[in-house]
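Data first, discussion second: the structure below is written as structure tokens.
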Amino acid sequence: MLPPVEVDPATTGGRTPLPGFGQVLIEARAADGTTCELCLLLAEDSAQRARGLMEVTDPTLGGYDGMLFAYGDDPGTGGFWMRNTRIPLTSVFYGTDDQYLGSFDMVPCPDSTSDAACPRYGPDEPFATVIELAALAPEDVLLTEGSTIEVLGDECPLELAGRS
């Protein structure tokens, strides 16, 4: 078990961080120009991306909207799987141009399932960013076909713009 994280409510917007991960504020922009802010946990290195939301059982993710997997200059391929993941997730994939590639509803693999039998989810083309959602549907936060995303910073306000 990881030690508790010192939390500064002013920088987390009152959310409870997941030990070992940062956070990021993004803006989703729908094709019609409508925008919505999301506060996401951040997986930006290979160890964080490999761990992701494994073993997390809280569908509210401590008040975060989801988790952003950032691949930087080395786009990901091959998709995601749900090994050791306890809650259903939806993954939304974006390309190197921050353009929407696709969305996939993912079901946890039972512990008895072999690695080879655990399905992989994702687009056929390389991706630069993936956002996993637990309690939200992609359409609720404008992560749909024709949308783009932009990182706004690493501090999340209590109130997010474009949310009802």
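The values are calculated or read from the model by the stated rules, or taken from the named source; none is laboratory data. Fair warning: this is a prediction, and the values are worked out from it, not measured in the lab. For neighbour counting, all protein chains shown are included, and Cβ atoms are generated from backbone atoms with ideal geometry for every residue, glycine included.
Could you list all residues from region 30-49 that are of a type in the set (A, V, I, L, M, F, W, C) and within 13 Å of the chain's Cα centre (by Cα)?
LEU38, CYS39, LEU40, LEU41, LEU42, ALA43, listed by residue number.
Yes or no, residue by residue, for (1) of a type in the set (D, E, K, R); (2) more than 19 Å from GLY52 (Cα to Cα); (3) surrounded by fewer than 18 Cβ atoms within 10 Å (Cβ to Cβ):
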position	(1), (2), (3)
PRO88	no, no, yes
ASP97	yes, yes, yes
LEU101	no, yes, no
MET106	no, no, no
CYS118	no, no, yes
LEU133	no, no, no
LEU136	no, no, yes
LEU143	no, yes, no
GLY153	no, yes, yes
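Do we find a residue being modelled with pLDDT under 95, over 20 Å from ALA28 (Cα atoms) and either over 14 Å from the mean Cα position of the chain (by Cα) or surrounded by fewer than 15 Cβ atoms within 10 Å (Cβ to Cβ) (or both) anywhere in region 67-74?
Yes, region 67-74 has at least one match.
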